[in-house]
1. Whenever you get a sec, compute what percent of the accessible area on the range 63-218 sits on carbon and sulfur atoms (1.4 Å probe).
2. Can you check how the C-alpha radius of gyration of the range 239-339 compares to 2.2 N^0.38 Å, as a plain ratio?
3. No solvent, one uniform scatterer per C-alpha: report log10 I(q)/I(0) for the range 182-252 via the Debye equation at q = 0.13, 0.15, 0.20 1/Å, two decimals.
4. Can you compute the radius of gyration and Dmax for the range 124-273, using only the Cα atoms, both in Å?
5. Using a Förster radius of 56 Å, what is the FRET efficiency between K73 and S243 based on their Cβ-Cβ separation? Nearest 0.05, please.
6. Zone of R374 (label point 7 Å along Cα→Cβ, backbone N under 15 Å): which residues in the range 276-307?
7. Starting at the first residue of the range 173-182, write each ³J(HN,Hα) from the Karplus equation 6.51 cos²θ - 1.76 cosθ + 1.60 with θ = phi - 60°, in whole Hz, x for Gly and Pro.
8. Where in the range 15-122 are there chymotrypsin sites (Phe, Trp or Tyr not before Pro) that are in a DSSP coil and have at most 14 other Cβ atoms within 10 angstrom of their Cβ?
Amino acid sequence: MSMNSYTIVFLLFVLCSGAAAYDALDPNGNITIKWDVMSWTPDGYVTVVTMNNFQMYRPITSPGWTLGWTWAKNEVIWSMYGAKATQKGNCSMFRFNLPLSCKRNPAVVDLLPDAPYNHQIANCCKGGVLSSMGKDPSASLSAFQIIVGAAGTTNRTVKLPKNFTLVAPGGGYTCGPAKIIRPTRFITPDGRRITQAMMTWRVVCTYSQFLASPRPTCCVSLSSFHNGSITPCPSCSCGCRNSSNCVTKGVKKPVLQCTEHMCPVNVHWHVKSNYNKYWSVKMTITNFNYQVNYTQWTLVVQHPNLNKATQVSSFLYKPLMPNLSTNDTALFYGRKSYNDVLMQAGPKGNVHSDLTLQKDRKTLALKKGWAFPRRVYFNGNPCVMPSPESYPYLPYSASTR
């Protein structure tokens, strides 16, 4: 199949599955940004901005997020804690005390973890990296404080910022308008007192794979213990190889290693063994990008026997939809400080895990491709699968054990 054919198939998958604006495996996934006005100042207000990644398996990886907006009037940023504005803008109208930023449309980035303590607030300073909600809820939020000037000083005179943007590695996010909601309530650590914000508004940003990239970014290859051949990723899965878009050795530009599939990431599924009560799989994720380390990576696999997973080595594992009757989807991710970073292309540019599954006699059929995954997502993006007729079929004797 040609590159154009695979691109068309991928686009049809994206559009028909609703992935352009809706993900069936993560229907409520979004990034919610909340502004809580904590107090008023003589010329404005103090607000705490909280960003929550409610996506189950799509993280924001290094170098992190950039949040932007347009002020409704001529507001300025006097100071910030936990983040910083990237540009100062034109502050010539101020003669003495200069604001931190006078940009009409500021762009804000997170501080690094080693930021001075007097510049930090709670839940800040993660270098813009946000875990997915399914992987680590405690690491899926970020916060910073802004002291806003030249603004309204009451609920009636404050004008909400507009034109919010969220930029993250790979792109793909679109933000809606700010909407006033019920003020957030806060409980003190001892649980004996409740306070609330003066005013709260919320912005919801959603992800579109089509906006992020009209081409796929990963592909799947397959093999099995009984068959010496490997079913490779479909040719031109993520583009076709030519003399200008890849290299055979690790150099800085172009960034991709030359392959027949031209995908930055390959997920390989190998059926290792088949016993009376159990069967096993080895999963390997390989990075073919010479310039990108995938921090906080996630892998989602859909297979009818994943509800019987009994042992997972190297990776951490969670059922993605444990409350549904069809619990066939699993979230895999790396162990912190061990393999939670998929390194750039090269000898260390891969991670792998062995998976043992108990046979379910009601659904077991290790033949005609049953042993291979139905869908695979890397960092929230669907991977191109080989065509079913190319799967390594198990021999009849192996399929009936």
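1. 54
2. 1.34
3. Each listed q corresponds, in turn, to -0.69, -0.78, -1.08.
4. 23.9, 72
5. So the FRET efficiency works out to roughly 0.55.
6. 300-307
7. Calculated HN-Hα couplings, in order: 9, 10, 10, x, x, 6, 10, 6, 10, 4 Hz.
8. Answer in residue order: Y22, F94, F96.
The values are calculated or read from the model by the stated rules, or taken from the named source; none is laboratory data. What you see is a predicted model; the values in this text were computed from it and never measured. We place every Cβ from the backbone using ideal geometry, glycine too, and count neighbours over all the protein chains shown. For accessibility, only protein heavy atoms count, side chains too; no ligands or nucleic acids. Shrake-Rupley method; radii C 1.70, N 1.55, O 1.52, S 1.80 Å.
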